[in-house]
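Following: one structure in structure tokens, then a few remarks.
The values are calculated or read from the model by the stated rules, or taken from the named source; none is laboratory data. Just so it is clear, the structure is predicted and the values come from calculations on it, not from any experiment. Quick reminder, even Gly has a Cβ in these numbers, built from the backbone with ideal geometry, and neighbours come from all protein chains shown.
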Amino acid sequence: MKKYILFDLDGTLTDPMEGICKSAARGLAHFGIKADYHDLTFFIGPPLLDTYRDRYGMNDEQAREAVAAFREYFQPTGIYENEIYPGIEEMLKELQDKGYFLAMATSKPEAFADIVLRHFHIRDYIKVMAGATMDEGRTNKAEVLAYALEQMNISDLSEAVMVGDRSYDVKGAQAMGIDSVGVLYGYGSREELEEAGATKIAKSVEDLKNILLNWK
């Protein structure tokens, strides 16, 4: 049985495509790169600095400029261009009512994640909030998970599981020695999640709930 459940945010609890991708396009436009925001879904999940560097060959200074431009749009506007997946709030409530300890581990800056959870009225379900820092002190999923697990003070890591939609979530869980559930309704493919080594795969929110409640 799993008692401690850590959730990713983007692509797992909410669908942030419009806000994140429009913001990503703003970061590219800062350097004269034109892109249709619908084609930028690969920005959802990994740290922004990594994506600007890896996908567009930016150096560290350029990537930081792109992230700053991203946030100029995201902070006042893009953060709210987001939708909660149907069934998520009901799932969180049922898990909480049945005694599960719910936490968040996201590569999104912690302050932004807190705003999103409050916007959708699901912040109270999350007992421990762990996200990235704005100053790059904590960015990748393994670092975020380590921070979350430290706060949760879990004596037996076999009772913990990470839920996310991308390989970063799965690999972060592996680095911390915990199981993972990859969700297919987000932005990662079955192939990506299976290759990363997800312990289990959930096809839908309902499927995810059943997996968590009936872990074997």
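What residue, among those in region 142-175 that are aliphatic (A, V, I, L, M), surrounded by fewer than 19 Cβ atoms within 10 Å (Cβ to Cβ) and over 17 Å from residue 102 (Cβ atoms), is modelled with the lowest pLDDT? Out of the qualifying residues, it is 142. Residue count for region 1-34, restricted to those that are of a type in the set (Gly, Ala, Ser), farther than 21 Å from residue 110 by Cα and in contact (Cβ under 8 Å) with a residue 24 or more places away in the chain: 1. Region 38-112 holds helices (runs of 4 or more DSSP H) entirely within its bounds, and those carrying 1 or more residues that are within 20 Å of residue 24 (Cα to Cα) map to 48-56, 60-74.
Annotation: of all residues in region 188-216 being among the small types (Gly, Ala, Ser) and under 21 Å from residue 159 (Cα atoms), the one that is surrounded by the fewest Cβ atoms within 10 Å (Cβ to Cβ) is 197. Tell me, which residue of region 98-141 that is among the acidic types (Asp, Glu) and closer than 16 Å to residue 6 by Cα is surrounded by the fewest Cβ atoms within 10 Å (Cβ to Cβ)? If we take residues in region 98-141 being among the acidic types (Asp, Glu) and closer than 16 Å to residue 6 by Cα, then 124 is surrounded by the fewest Cβ atoms within 10 Å (Cβ to Cβ). Please work out if residue 89 is in contact (Cβ under 8 Å) with a residue 24 or more places away in the chain and more than 19 Å from residue 136 (Cα to Cα). Yes, satisfied. In region 45-55, is there at least one residue being within 18 Å of residue 163 (Cβ to Cβ), within 13 Å of the chain's Cα centre (by Cα) and not charged (D, E, K, R)? There is at least one residue in region 45-55 that is within 18 Å of residue 163 (Cβ to Cβ), within 13 Å of the chain's Cα centre (by Cα) and not charged (D, E, K, R). Candidates in region 1-23 are the residues that are over 12 Å from residue 81 (Cβ atoms) and of a type in the set (A, V, I, L, M); of these, the one that is farthest from the chain's Cα centre (by Cα) is 1. Between 68, 35, 24, 29, the distinction of being surrounded by 19 or more Cβ atoms within 10 Å (Cβ to Cβ), small (Gly, Ala, Ser) and at pLDDT 95 or above belongs to 24 only.
For region 96-115, a tally of residues being among the polar types (S, T, N, Q) and under 30 Å from residue 67 (Cα atoms) returns 2.
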